[in-house]
Each structure stands twice: as structure tokens, then as C-alpha cells.
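The values are calculated or read from the model by the stated rules, or taken from the named source; none is laboratory data. This one's a predicted model, so the numbers in the text were calculated from it and none came from an experiment. Virtual Cβ from ideal backbone geometry, glycine too; neighbours counted across all protein chains shown.
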Amino acid sequence: MAISGRLVLLAAAGSVAVLLFPGAATITLWLVFLCAAAGVDLLAAASPRSLTLERTVPGSVRLTEPAAAVLTVRNTGSRPLRGSFRDGWQPSAGALNPVQRVQIPGHEARRFDVQLRPERRGDLHSESVTVRSFGPLGLAARQRTLPCPATLRVLPPFHAKRHLPSKLRRLRELDGNTTVQMRGAGTEFDSLRDYVRGDDVRSIDWRATARRRDTVVRTWRPERDRRVVLLLDTSRTSAARIADEPRLDTGIEAALLLAMLASGGADRVDFLAFDRRIRARVQSRGKGNLLHRLVSAVAPLDAELIEADFSLVPGAVQSVSTRRSLVVLITALDSGALEEGLLPVLPQLLAKHVVVVASVRDPELEELRRQRTTAAEVFRAAAAERALLDRAAVSAQLRSMGAEVVDETPQELPPKLADLYIRLKASGRL
Amino acid sequence: MSPAHAGADPAAGPQRGPALRENVRTKLRAWRLWIILALVLCLVVLLAVLGQSGDDDAALSPANPAPAGAMAAATILGEHGVDVQAPDSYQEALAILEDRGGQSTLFLYDPNGFLGADQLAELNGLARRQVLAEPGFAQLTELAREIRSAGVLPEQDAGLEAECSAADPSAARSIDAGGLAYRGPVTCFPASDRGNGPGSYAANDDGSVIVLGNSGLLANESLAGRGNAALALRTLGSTQTLVWFLPTASDIPQAEAPADFRTLLPPWVDPLLLWLLVVAALAMLWRGRRLGPLAAEPLPVVVRSAETAEGRARLYQNARATDRAVQTLRAAALTRLAVRLRLGPGSSTDTVVRAAAAAAGRPKGEVEELLTGALPAGDAAFVQWSQDLQVLEEEVTAS
């Protein structure tokens, strides 16, 4: 139960009576009066147990976009319900109006919109709805928490989407598929067609020309139906916050952009998230929109405070694709974690696949190493230099083994990774 | 649930046991806070009750075994046949003294001055011997007219010598110094540097009034020291009965007690205060009742990426590892210069130094000193050196 401000006012009014007739009798009488009034009100209030709740929540919403959870309250009792309810969304769901007033006559239902503005990616929950039902006097209320679980899946924002059109255009230019009069820069033979003025004379196919007695040129296109395997590291190193964003979220952005680009380039994209086990998996064979499947798979991912197990990577890649593939590992260039985990299994991967290691670089280290006004700052600069040197050493080692390394700031990582993909595709290394 | 019971009610039997237990557990969890509060309250009340039944802790109380108590002296006196009476109130003390008909010893210790002048005057002359411990002016006036207060005796390690002819002090020979000093017809244990000045023990001529300046003599912790016990026991144990009277606040005469200010207030104040308390409690209930349980937020781990670098910096600084810091800064600068001057990763330090000197337009020796020279000594030199290194890099980059 709960009481209202009215009851407190009524009690405060009692002090006048106590002032006029001081004594235990007045106090007792007024107390009895208050209790009786509250009791009558409680008895006359609609029972919260007679309510049935129904919730409609949009299945998923992109981060930074608003959503509305609709709560339908049906009063199955005959007494009218007056009072308020609170929808128990967790704070990061950003409910703007979780507490609302309700007034439902008996045997009727009302709908309420709870506006949500999610502040975090992942699955956001509301376990219950608490209803407070006041009696006709508005003095006391019956309160009950009714279970009504709901989940809103908040998808990653995919800010890197803005890079997609320009990268796709570059991919189409490779294809020779543009209005520009130029040979496609691909490497795979596509077809023969008649020579038109302006074509590169080097691409004339003399044998076909001799057969046709007409000048014929070869056209080229980039390779198609190659396999791209994206591996996202969700271990402890991905929990680090760089420029106000966890490394994991930046990795998700980069993975999404590359996946969309590769599927635009007619390649087949598989996605795996792993730490000590496979935590999410999206297969190229699956049905439905790839982007939707990807964002739904990565939405509930969180960084785990455990060490990544890179030894499961070759097996996981093998299970996805037995052909030569582009394996993109989105992880951290952290000397300790990589030297013990990735380096031993890298030769095995490199023997069969093209491997790209992508990592987010911390721009703060650059700032730290430039500040040298006090002794403490110089020591900090030295420590930052040490961290940068370690990273450089690890990436040099990875490059010397034959892997490609992309080490960029959070804003730059997704487009740079996409550029690397286009470069690899243009040079026919996929 | 027993198998027999389950057999008797086969439909409900299998689930009812666990469901019931689950239900009880849920209820218990919901009421957990109140149960814990009730237990704590019980514990507090229990402790308070137990604490009250404990021994009294007044200083020099004959029933107090603590260091400041005087149980030891009272027990020894009891063992030697003295009937030690410890009255709880002034009335009781008066009754005992009158009952013994002037054949007893009165020991009075009232450092707070609870007894009024009239009460003290009434006590005077009822006992054969009156022993006052550290009496104030009022007590001296009423009970020991010939003895005057004479300041404070400093505590000192040496102790005080009797230096008088009275029987009890000379038997004790020496006692602990401290407490107050008094001057009377018979004065013993004078402060050593003042010769015949005021002392720690004063009595009138026939020894019927004795003032002990140092009440610590009787305390359990110091009774065994020097002649303390001899003086105390001889002073208090001269009669069959000893009335050990420690006045308390309840002995303050009624007329002297301050008037209760509440009797000055109008009659409605008390009920109104009580009622306002009720209103306040209701207001707390009104504002304090939460609309539903708190929603839990599973917070993600947040680690700043540069945290490790800063931790390493603090390690460098705490260990004063200037050499290591210098090496790291040099290695980083050389690497960047080599890249900037397009020298390739395998080039030697000397090559880089020469190329950097040429690019920056500086003498080679200066650049060499910066990049490979001696370690800078002291913090100021260290900071200066690192800034110079940065300037060199900028010059090369700008060229």
C-alpha cells in the first residue's frame, strides 16, 4: 500500500484540533479517523490484481533512434482504476515517461506509450510494471508490482554507413561497370566486346580479332564469389575505451562496413565473434538481409574479461570455408595477448588464407607522448612511446609473417579497412 | 514431504512441497530487511539490558573491581572484621550512621559536590571519625572547619614522606604524590620542596576529622604502592563499622534542582509535538514509498585504454627510472626519424644521426649528444633534454 499527500494534509489539519483540545483523546480520535478514512479508501480501490497487462515492444531499434513501448492495461474488475503506474525499464533504456497517470473504468482497456531513447547497445529489459491504485478519496492506494517482462534489442548505430556509398562506387569502378570509358581494373577475364575508340589498345585480344575480322577487346572484372571471414575478438582487450567508445564497438562498426561492402562486391561474408568460445555467428548461406542478421547478432555482444583463445580460430575458419578466403581478425595489437595467442596459429592460417589484422589505435597515446613540460609528463611520454613501440614491433612481426595490418584511430578504422579490402580485390589477392 | 503424505495426495504431492518452499523463500526474501532490522533491535535491547546489570563503574566504589574502583581496599577491610556499608542514598547513609550511634567511620567522596550545605551539616558529628577524600570548599566548611584547602600537589615519582608525628601517617612512612593539598592542625606528607607547607594528609588534633588529599591512594591500581595501603587501611579501619558513602545525582536536594522548563510551557505543546511527529512519519511514508522495485542496470566494463601507459609511467617515476625512459624516448625518436628520412628499418644509429643533422642544419655533435649522449642528470635536465629531442624531431619533420 501507499499513501498520498492528501492523507498527510489531513493529518496536518489534525494539529489544529490538537491545539484546540490538547490531550491524548484528541490524538487517538484523529488517528482513528485517519486510519478509518485510509482503510475505507483502500477497500474501495480497484484491485491491481484484476489488471491484465500487455506490452508491445518494437523488436529492435538502432541506437540513438527513439522507440515507443506500448503498454495496454485492461481492467477486468468492475471498479474504476485511478492512480499511476511505472514501467520498470532499466535506466539505460532512457524511458522519458516511465511514470504515467491511469484512469480506466471497469471492463475497459487503455493504451499508454512509453517513450524510450536507448543509451546503450544490447538487450534492454523491463521486468515488471508497478501499479498504484487509489481509492475514490485519493488518500491511500494499493500498490502491486505485476510481472510483465519485455526486451528491446538495441542495434549498433552503424555510423560508418556514411562511408558505404563512396566505397561501393570505387568497387564498381573496378568492375568497369561505370559510365566512364575505361577498362575495368579487375583481374578476372569477363567477356569480349567490340573495340570502341578510346579503349586501351593493350587490351585488344588479337586472336579473337583475327577470328572475327573485327577489332575485339577483352574486358575484365574483379573476382567474384570470394569468401570473406570476419572474426571479432570480444575478449578483455576489447573492453578498453578509446575516444569514448569501447574497442568492441569500433570493431563492430568496421565489421559492418566491410561486410556490407563485400556483399556489395558479390563476395560471401561470414561473421564470427569469439573469445574463449564462439559467441555469435552469421553465415553467408543464411536467409534474409545480411545487414539485419549481422546487427542482430552483434547487438547483445559485450566484452568479457577473459583472455581470447586464438587456437580456436583456424578450426572456426575451416568450418566456415574450406576455400581460400580473406580472414579479417578485428582485435587489439596488444603485445602480450597477441604474441602468446595469435602468433603461434598465424602460420597455419596464412598457409591457406589472406589474413588481415585490424586494430584500433589510441589517439590519446599520441597526445601523451607530445606533452613534455614536467618530469611526470616526460615519464608519461616515455611510457606512451614504449606502448607505441610495442605496437609497432607487433605489427612489424605480423607483416613479416605475411599478414596485412590495419592500425587506425576509431574514426579511421572502418574506412581504412574497407580501402584495404578494395586494394586486395583490385590486385586479385582474394 | 514424507512419502506417505505424498502417496495420500498423489495429484498435489509432487509439486506442492517445492512450490511451498519456494513461496516461503520468496516471502522471506521480501521481508529480509525487516527481519534483519528486528534482529538488530533485539540485539541492541539485549545488550543494553545486559550492560545495565553489570557492576557499577563509579570511581572509588567499593564494588568496582576496575583500576579506578576501590574494591580491593573494601575487601581487605572486610577481611579484617570491619563492616563496610555502602549506602545507595543520602537517607540510607544517615540511617546507618544514626543506627550505629557515633561508633562508626564515615568515608565521604563527593568530587561533584552533589550534597548541599544543609545535608553536609546534618552528617557532621554523627560518626566517630570523618574521612574526606579531596573535599571541596563546602565540605571543608561543614565537616572539617579547621582544615583549609591549599592548592594542588604536583604528581611526581618520588612520593611524599610523612614528616609528622601522627600515628597513621608515620606508620605509612611514604605515599604517592598527587591530588590536592590541605593545611590543618596536623599536616603530613608535605610537598618535599616546601618543607613545612601544606600536605596531602591533614587532620584535626584528636584525629576525628581526616582529609585525604589524594583519592588515588584508595584506587585498586595504586593501593599496593608505597605506604598507600597502610595509610588507607589504618585511616578507614579504626572502628567496627565503615560507612562508605559516594553521593550520586539523586542525592541533590529537591529545592536546589533546576525547575523543569516544560512546566513553563502551555499545555498544548506536548500533544502538538507528538502529533507533529505522527505527521512527519506519515510524510516520510508518503515520500519514501517507491513506485516499484529498482531496475537493475548491468554495467559494462569501462577501462581507459591509456590506463596501462599511465600505470607504467608511474612505475618509471616511482623507481626514478630515468635511464629506461631516456632509452625509450631515444628509440622512438630514432625510429620516427629513420622513417621520416627514408632510411629503412635496418639503418644504423650513426646513419640516422648524420642524416638528421643534415636535415635540421645542425652540427653533428649536437645531434649525437641528444640521441646517444650521456644520461641527463636531475629532473630539470631530463625535462630539458626531452624537449630538445622533440624540437629536433620537429625541425627534421619541417625540413
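Of all residues in the range A:1-23, those satisfying the criterion of being part of a helix (DSSP H, G or I) and facing chain B (nearest Cβ under 7 Å) are A:Gly5, A:Leu7, A:Val8, A:Ala11, A:Ala12, A:Gly14, A:Ser15, A:Val18, A:Leu19.
Listed by first and then second residue, the pairs with beta-carbon distance under 6 Å, at least 6 apart or on different chains, first residue in the range A:79-91 and facing another protein chain (nearest Cβ under 7 Å), second among the acidic types (Asp, Glu) and assigned to a strand (DSSP E or B), are A:Gly88/A:Glu127. Counting residues in the range B:243-257 that are at the interface with chain A (Cβ under 7 Å from one of its Cβ atoms) and either in contact with a strand residue (DSSP E or B) (Cβ under 9 Å, 6 or more places away or on another chain) or part of a loop (DSSP other than H, G, I, E, B) (or both) gives zero.
Any idea which of (1) farther than 30 Å from B:Ala280 by Cβ; (2) touching a strand residue (DSSP E or B) at 6+ places or on another chain (Cβ under 9 Å) is the one A:Thr64 doesn't satisfy? The single condition A:Thr64 does not satisfy is (2).
Taken together, the residues in the range B:261-301 that are of a type in the set (Asp, Glu) and at the interface with chain A (Cβ under 7 Å from one of its Cβ atoms) amount to 1.
When the helices (runs of 4 or more DSSP H) confined to the range B:1-55 are screened for residues that are at pLDDT below 50 and of a type in the set (Gly, Ala, Ser), those reaching at least 1 such residues are found at B:3-8, B:13-30. Within the range A:377-403, residues that are within 7 Å of another protein chain (Cβ to nearest Cβ) have Cβ atoms under 8 Å from residues that are surrounded by 16 or more Cβ atoms within 10 Å (Cβ to Cβ) and of a type in the set (Phe, Trp, Tyr) in these pairs: A:Val378/B:Phe382; A:Phe379/B:Tyr316; A:Ala382/B:Tyr316; A:Ala383/B:Tyr316, counting only partners at least 6 apart in sequence or on another chain. Restricting the search to the range A:232-251, which residues are of a type in the set (D, E, K, R) and touching a residue at least 24 places away in the same chain (Cβ under 8 Å)? Residues satisfying the conditions are A:Asp233, A:Arg236, A:Glu245, A:Arg247, A:Asp249. On the stretch given as the range B:309-320, residues that are on the phi < 0 side of the Ramachandran plot and more than 7 Å from every other protein chain (Cβ to nearest Cβ) total 5.
Residue count for the range A:363-376 under the criterion of being within 25 Å of A:Leu257 (Cβ to Cβ) and at the interface with chain B (Cβ under 9 Å from one of its Cβ atoms): the result is 2. Note on the range B:135-187: among residues that are hydroxyl-bearing (Ser, Thr, Tyr) and farther than 25 Å from B:Leu120 by Cβ, the one that is modelled with the lowest pLDDT is B:Ser165. The set of residues from the range A:235-277 being in a helix (DSSP H, G or I) and in contact with a Lys or Arg (Cβ under 6 Å, 6 or more places away or on another chain) comprises A:Ser238, A:Leu261. Given the criteria part of a helix (DSSP H, G or I), more than 14 Å from chain B (Cβ to nearest Cβ) and not aromatic (Phe, Trp, Tyr), does A:Val61 qualify? Spelling it out, it is not the case that A:Val61 is part of a helix (DSSP H, G or I), more than 14 Å from chain B (Cβ to nearest Cβ) and not aromatic (Phe, Trp, Tyr). Candidates are the residues of the range B:113-135 that are within 38 Å of the chain's Cα centre (by Cα) and surrounded by fewer than 15 Cβ atoms within 10 Å (Cβ to Cβ); the one that is nearest to B:Arg226 (Cα to Cα) is B:Gly113.
Take the residues in the range A:200-257 that are within 14 Å of chain B (Cβ to nearest Cβ) and among the charged types (D, E, K, R), then tell me which one is surrounded by the most Cβ atoms within 10 Å (Cβ to Cβ). Outline the logic, then answer.
Pass one, the range A:200-257, residues within 14 Å of chain B (Cβ to nearest Cβ): A:234-252.
In the following step, the residues that additionally are among the charged types (D, E, K, R) were identified as A:236, A:241, A:244-245, A:247, A:249.
Working: A:Arg236: 19, A:Arg241: 20, A:Asp244: 7, A:Glu245: 15, A:Arg247: 27, A:Asp249: 23.
The qualifying residue surrounded by the most Cβ atoms within 10 Å (Cβ to Cβ) is A:Arg247.
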